[in-house]
1. What list of ³J(HN,Hα) couplings, whole Hz, do you get for the stretch 81-92 from phi and the Karplus terms 6.51, -1.76, 1.60, once you set θ to phi - 60° and write x for glycine and proline?
2. Can you check what the net charge comes to around Glu45, using other residues whose Cβ is under 11 Å from the Cβ of Glu45 (Lys, Arg +1; Asp, Glu -1)?
3. So if we plug the beta-carbon distance of Thr56 and Asp80 into 1/(1 + (r/R0)^6) with R0 = 25 Å, what FRET efficiency do we get, rounded to 0.05?
4. Amide H of His52: which non-local residues (sequence gap of 5 or more, or other chain) have their own amide H closer than 5 Å, using H built in the peptide plane?
5. If amide hydrogens are placed 1.01 Å from N in the peptide plane, which non-local residues have theirs closer than 5 Å to the one on Leu34?
6. Once phi is turned into ³J(HN,Hα) by the Karplus curve 6.51 cos²θ - 1.76 cosθ + 1.60 with θ = phi - 60°, what whole-Hz value does each residue of the stretch 57-65 show in order, with x for glycine and proline?
7. Tell me which residues come under 5 Å, amide H to amide H, from Met47 once H is placed; ignore anything under 5 positions away on its chain.
8. Counting only the backbone N, which residues of the stretch 55-95 are under 15 Å from the spot 7 Å out from the Cα of Asp38 toward its beta-carbon?
Amino acid sequence: MQRWQRVGVWSTVGATVFALGFGLGRETDGTMELDWRDGEGHVGERMMSIEHDGWTYGTEGAVPMWIDARGSWHDGGWPDCLEPGTRAVRFAAAPTTYVEGMGQRPIIAVDCRGTRALAD
């Protein structure tokens with residue numbers, strides 16, 4: 001596969017994940033409802049993977065939506081509760097996206113109110 005084809009594939013994946021993220025949330029009485037999960041997160045410098053129910057979910061660079069410890073929503077950026085280490089993380093993810101046989105489970109939201117450090 002040539003470089004321009006890879007760029008096109010990853011651009012398509014990005015657009016799909018973005019659309020799925022907005023499609024997952026629905027507006028009800030002014031609040032957004034997501035399918036929240038709790039898992040053990042392995043957090044690095046602006047990257048994270050979470051093991052939950054036999055799947056691995058991940059994000060790198062930024063999280064599309066997150067809730068801080070006071071309950072305020074943020075659009076994008078890195079949640080302030082995700083410091084490097086092993087943490088219990090409350091998160092929402094997009095459904096699996098398949099591109100050329102590869103599945104992804106991207107994290108689309110993090111709730112810092114349900115996130116805490118775990119003893120190593």
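Readers should treat all values here as calculations from the given coordinates under stated rules, not as data from a laboratory. All of these numbers come straight from a predicted model, not from anything done at the bench. All Cβ positions, even for glycine, are placed from backbone atoms using ideal geometry, and neighbour counts span all protein chains on display.
1. With coefficients 6.51, -1.76 and 1.60, one gets 7, 9, 8, x, x, 9, 9, 7, 10, 9, 8, 10 Hz.
2. Net charge in that neighbourhood comes out at -1.
3. My answer for the efficiency is 0.60.
4. Residues meeting the amide H criterion: Tyr57.
5. Hits under the 5 Å cutoff: none.
6. 9, x, 7, 8, x, 7, 10, x, 9
7. HN-HN under 5 Å from Met47: Gly61.
8. Output list for this probe position: 87-92.
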